[in-house]
Amino acid sequence: MIALTLRDIKLAMRSSGAWLHGVLFLVVFTVLSVIALGADKTVLATLGPALIWLAVVFSLLLSFEKGLTEDARDGTLEQLYLSAMPLSALAASKLLSQWILIVLPLLIVTPFIGYGFGMELPEIKGTLLALVIGTPALLVYGTFASACLISYRSNGLLLILLTVPLMIPTMIFGLDASDGYAAGGVFDKSFQALAGLSLLAVGLGIPAIAAALKTHLETS
Amino acid sequence: MTFADVRLNISGASVSRGDRIIVDDFSLSVKSKDLVWLRGTNGVGKTSLLRIAAGLARPDTGEITRTFGGAVVTAPQITAFQGHRDAVKPSLSVYENLVFWARLSGRSETVDRALLKVGLTGREGQKAGTLSAGQIRRLALAQLWVSQKPLWIMDEPAAAIDLSGQAVIDDLIAEHIAGGGAIILASHAAPPQRAGIRFVTLHAPEEARL
């Protein structure tokens, strides 16, 4: 399982920076919002957490498709299945590599963007922690949707339509947690709700992704 | 490498695509040291049958049983599959590609031997993306070999491959059969001159009824 994660990371490192598209998108989105909203620091600082969450969600939506479809198209998926690796281990490994390749770079730039928006330190910390806890859920939804849609050639739009409704609750609780940090720290109720959501998504998501992959293998 | 007794039984399998029946009531039984050669015109369902035999697809009706050393097993435990899609990553080197699959089977020490067998020694560091189609097929054959599974399912192994590559395939097959493995393959290439090949010719269901 770790071998697969490491190989996915190696593949991404050789894709001449394709894995950085998400970060680039995040930065462009931020710059554009600053221009659109006017450089009023008080406005930007209040809207900061919401803008960062929006940017992360959009950036993830753009990145989901790559993870599984390539392996399905070049036959890697069926070989992995026949290598006797359980499909749930495959799903877990894909989630891990996607988190490292797609989510982690976004988290790394988030504090700088928050600083750029003129957000206070506790606000930045709150948003970052909420993202750390909430992004696994977002990632699971997107990966599940892309596993369901593997067999379709151009599935980008469908993927977004399927994923967005699932992402909304996470985003609501995530924003709540980003704001709640200043008052109650990581043990604020909003953080507990967010963590619960993420744990539930990962717990149910791994077998669900495995089932979707199995269906794809049997019908292709 | 020698294998325990391996058996695959397909009985009464039918496959349809939409409302068209591709394979109707197909039965096949394969055991250790068998080499089954599927023949038939394009679109007659060879690939569908091979995917079923490999456990990658399920027939609409019919029973499939697999045993290894007398015990009932699942497809991934005994099957290695070589299909049209070769699972080769162009941005990884020949060695990196192969060692990944060898590690998954827990046999990374077999990589050098596999490369020697398929004639890719000396190209370990070359990116798979710069190989020719025939060389990629050789790499795919090496991937099949490093899995060390008793049942090989091969779909057109000789596609894009030259004469010496054809000899490589014949050698791999002969060695696998001699070691107690079993092979089901579909190919339009001329079969090697050797005894013990079981030919199975598929006909389209409509044709069979005439």
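Ignoring everything except DSSP H segments at least 4 long, calculate the 222 nm mean residue ellipticity for the protein assembly as shown; use -39,500 (n - 2.57) per segment, divide by total residues, nearest 500. Don't jump to the answer; show the numbers that get you there.
Details: 17 runs with 246 residues, N = 430.
-18500 deg cm²/dmol, from helical runs alone.
For chain A, what is the relative contact order in percent, using Cα pairs closer than 8 Å and at least 6 residues apart in sequence? Kindly include the intermediate steps, with their values, before the conclusion.
Numbers: 251 pairs, mean separation 59.0, N = 220.
In percent, rounded to a whole number, it is 27.
Taking K and R as +1 and D and E as -1, what net charge do the other residues with C-beta under 14 Å from the C-beta of residue A:6 add up to? Local charge sum for residue A:6: +4.
For region A:207-217, the Karplus equation 6.51 cos²θ - 1.76 cosθ + 1.60, evaluated at θ = phi - 60°, returns couplings of x, 5, 5, 4, 5, 5, 5, 4, 4, 4, 4 Hz by residue, with Gly and Pro reported as x.
Applied to region A:72-89, the Karplus parametrisation 6.51 cos²θ - 1.76 cosθ + 1.60 on θ = phi - 60° returns per-residue 3J(HN,Hα) values of 6, 6, 9, x, 4, 4, 5, 5, 5, 4, 6, 6, 6, 7, x, 5, 6, 5 Hz, with x for Gly and Pro. For region B:19-34, putting each phi into the Karplus relation 6.51 cos²θ - 1.76 cosθ + 1.60 with θ = phi - 60° gives couplings of 9, 9, 7, 8, 10, 10, 6, 9, 10, 7, 10, 10, 9, 3, 6, 8 Hz, in residue order, rounded to whole numbers and with x for Gly and Pro.
DSSP beta bridges in the protein assembly as shown, what fraction antiparallel, as a percent rounded to 5?
Numbers: 18 of 36 bridges.
In the protein assembly as shown, approximately 50 percent of DSSP beta bridges are antiparallel ones.
So for chain B, averaging the separation of alpha carbon pairs under 8 Å that are six or more residues apart and normalising by length, what relative contact order in percent results? Could the numbers behind the result be given before it?
Numbers: 396 pairs, mean separation 64.9, N = 210.
31 percent.
Over the residues of region B:6-209, compute the C-alpha Rg and express it relative to 2.2 N^0.38 Å. Mind showing how you got there, number by number?
Working: Rg = 17.1 Å, N = 204, 2.2 N^0.38 = 16.6 Å.
Computed over Cα atoms of region B:6-209, the ratio equals 1.03.
Any read-out appearing in this document is the output of simple, stated calculations on the displayed coordinates, not a laboratory observation. Predicted, not measured: the structure shown is a model, and the values here were computed from it. A quick note on method: Cβ atoms are made from the backbone with ideal geometry, for glycine too, and the neighbour counts reach across all protein chains shown.
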